[in-house]
Amino acid sequence: MIAAPPVTVSAQSAVTVPASRPAPVTPPPPTRPGSTVYGGGRQPAPQARRRRLPVLIALVLLVVLLGGGATLQLTRSLPAATLTTSIAASMKIPGAAPDLPWPATGSAELMIEGLGRIGGSGSTAAAPIGSVAKVMTAYVILRDHPLSGAEEGPTLTVTAADVADFESRISSGQSLVQVEVGEQLTERDALEALMLPSANNIAHQLAVWDAGSEEAFLTKMNAAAADLGMKNTNYTDPSGYLPTTTSTAPDQVLLARAALKSAVFAEIVALPEAEIPVVGTIKNYNDLLGVNGVFGIKTGSTDEAGGNLVFASHLTVGSRKLTLVGAVFNQPGAQTPQQLAKVNKEVKKLLTAVAKVVKEYTLLPADPVGQVETAWGATTAVRPAKALKVVGWPGLTVPLKVTTTSPSAEVTAAQSVGTVQASGVRVELRTDSATESPSLWWRLTRTS
């Protein structure tokens with residue numbers, strides 16, 4: 001072992017002592033200006049915090065607003081759905097118009113109340129109509145002196161002038177009812193004598209009783225004709241005996257429809273017979289009463305007019321009771337019996353044929369006729385709950401009425417959204433299925 005050399009210490013020099021090397025010191029991490037060190041972590045300076053605070057507040061507000069807006073969107077009421085239909089204002093019953101057995105001569109007209117005109121034939125020129133003119137006489141009397149129920153009405157007292165008028169008509173073979181001076185007829189008695197045995201003398205008596213003179217009454221008759229739209233009619237006597245009293249089948253159908261609105265008129269013309277003073281029982285000249293549903297109205301025949309009949313009849317189709325009003329005019333025949341037999345035959349043929357073609361037809365099948373569409377685009381078809389069937393004949397144009405309800409935002413299956421109506425028959429319009437609900441995205445992004 002080698003000994004260490006001696007160390008010399010002087011007062012002017014430091015003593016050098018051998019020692020181990022010191023451990024290196026790690027400098028602190030650099031700091032940004034304005035920051036300090038706290039236990040090894042960093043905190044923003046007050047100035048930086050102030051800059052970030054508005055951003056944080058804005059973010060918070062945005063979240064709140066978005067959340068509130070979404071809630072508002074999701075809770076808003078949904079807009080109503082839209083209903084559209086393609087149903088026309090009128091439709092024709094499918095098929096060709098019926099070929100009815102119209103008279104070969106003269107003229108005819110036929111319509112059905114509530115349905116329309118079924119047709120007509122022959123000339124529309126005015127011609128003599130015979131005792132059919134008495135329909136207007138009765139119409140004016142009941143308009144001026146209305147009766148209801150079983151009322152007999154005012155009393156007409158037969159005068160010497162009335163008896164003289166009766167006697168003056170006998171030689172010409174007119175339809176008459178015997179009268180006697182002082183005899184009293186109620187208004188109903190007189191109307192029965194006018195319309196059943198077609199008494200010409202009673203027509204004259206009623207005219208004078210109502211208006212003071214026959215001439216004044218004729219003015220009323222022609223004014224009433226004009227009011228009813230009878231453009232081809234002229235009355236020159238209240239009985240129709242004169243050939244100058246002329247009209248047409250269409251005009252007389254207009255009048256008959258108006259006259260039948262009086263229940264008393266309809267009751268009288270349907271009577272097969274009645275009882276009046278002096279003569280007792282009087283019979284109705286209308287031999288078709290009760291045939292093919294006929295319940296009136298008035299016959300008429302003269303040499304110039306031929307055989308004429310204005311008629312009304314009932315026709316039942318299913319549950320519907322229809323009223324037919326028609327006229328057949330100017331049918332040939334040697335005398336009154338032959339003329340009336342001919343016109344009766346023509347009317348029966350017409351009514352028989354009509355009963356075969358007037359029935360129930362499908363006007364609108366239960367097929368889609370529209371749709372309901374929601375605001376978000378969901379749709380469902382709309383159709384009649386069942387086929388809409390009406391009474392009529394092929395070729396008849398039938399008006400339709402559509403009534404709709406405003407659908408809610410969403411609809412359910414088979415929901416009623418309206419009705420379609422024709423000829424008194426009403427059928428509901430219903431949806432095929434429920435509409436799909438709106439998506440969450442649509443609810444959030446909707447603008448209406």
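The values are calculated or read from the model by the stated rules, or taken from the named source; none is laboratory data. Given the structure is predicted, the values throughout are model-derived calculations rather than measurements. So basically every Cβ, Gly included, is an ideal-geometry build from the backbone, and we count neighbours across all protein chains shown.
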Could you give me the residue pairs with C-beta distances under 7 Å whose first residue belongs to segment 256-281 and is of a type in the set (S, T, N, Q), whose second residue is part of a helix (DSSP H, G or I) wherever it lies, and which are 6+ apart or on separate chains? SER262/LEU142
Quick one: would you say GLY333 is more than 20 Å from VAL358 (Cβ to Cβ) and crowded, with 24+ Cβ neighbours inside 10 Å? no
I need the full set of residues from segment 238-259 which are surrounded by 20 or more Cβ atoms within 10 Å (Cβ to Cβ) and not in a helix (DSSP H, G or I), in order please. PRO238, SER239, GLY240, TYR241, THR245, THR246, SER247, THR248
In segment 156-188, how many are surrounded by 13 or more Cβ atoms within 10 Å (Cβ to Cβ) and touching a residue at least 24 places away in the same chain (Cβ under 8 Å)? 17
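For every residue, the table says whether it meets (1) over 27 Å from VAL391 (Cα atoms); (2) in a loop (DSSP other than H, G, I, E, B); (3) touching a helix residue (DSSP H, G or I) at 6+ places or on another chain (Cβ under 8 Å).
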| position | (1), (2), (3) |
| --- | --- |
| THR105 | yes, yes, no |
| ALA108 | no, no, yes |
| MET111 | no, no, yes |
| SER131 | yes, no, yes |
| VAL140 | yes, no, yes |
| SER148 | yes, yes, yes |
Sort out which residues of segment 177-215 are assigned to a helix (DSSP H, G or I) and among the β-branched types (Val, Ile, Thr), and write them in order of number. ILE202, VAL208
Please specify each residue of segment 279-330 satisfying the condition of being polar (S, T, N, Q) and either at pLDDT below 95 or surrounded by 16 or more Cβ atoms within 10 Å (Cβ to Cβ) (or both). ASN284, ASN286, ASN292, THR299, SER301, THR302, ASN308, SER313, SER319, THR323, ASN330
Residues that are over 22 Å from PHE295 (Cβ atoms), hydrophobic (A, V, I, L, M, F, W, C) and not assigned by TED's automatic domain parsing to the domain that holds GLN415: does segment 335-349 have at least one? no
Any idea which residue in segment 406-448 is nearest to ALA353 (Cα to Cα), counting only those that are exposed (fewer than 15 other Cβ atoms within 10 Å of the Cβ), under 22 Å from the mean Cα position of the chain (by Cα) and at pLDDT below 95? GLY424
Identify the residue in segment 225-237 that is surrounded by fewer than 20 Cβ atoms within 10 Å (Cβ to Cβ) and among the small types (Gly, Ala, Ser) and, among all such residues, is farthest from GLY326 (Cα to Cα). ALA226
Checked against (1) among the hydroxyl-bearing types (Ser, Thr, Tyr); (2) within 18 Å of VAL391 (Cα to Cα); (3) in contact with an Asp or Glu (Cβ under 9 Å, 6 or more places away or on another chain), THR281 satisfies every condition except (2)
Given the structure, is ALA108 surrounded by 14 or more Cβ atoms within 10 Å (Cβ to Cβ) and touching a Pro at 6+ places or on another chain (Cβ under 8 Å)? no
Do the conditions hold for ALA125, that is, is it at pLDDT 95 or above, out of contact with any helix residue (DSSP H, G or I) (no Cβ under 7 Å at 6 or more places or on another chain) and either of a type outside the set (A, V, I, L, M) or assigned to a loop (DSSP other than H, G, I, E, B) (or both)? yes
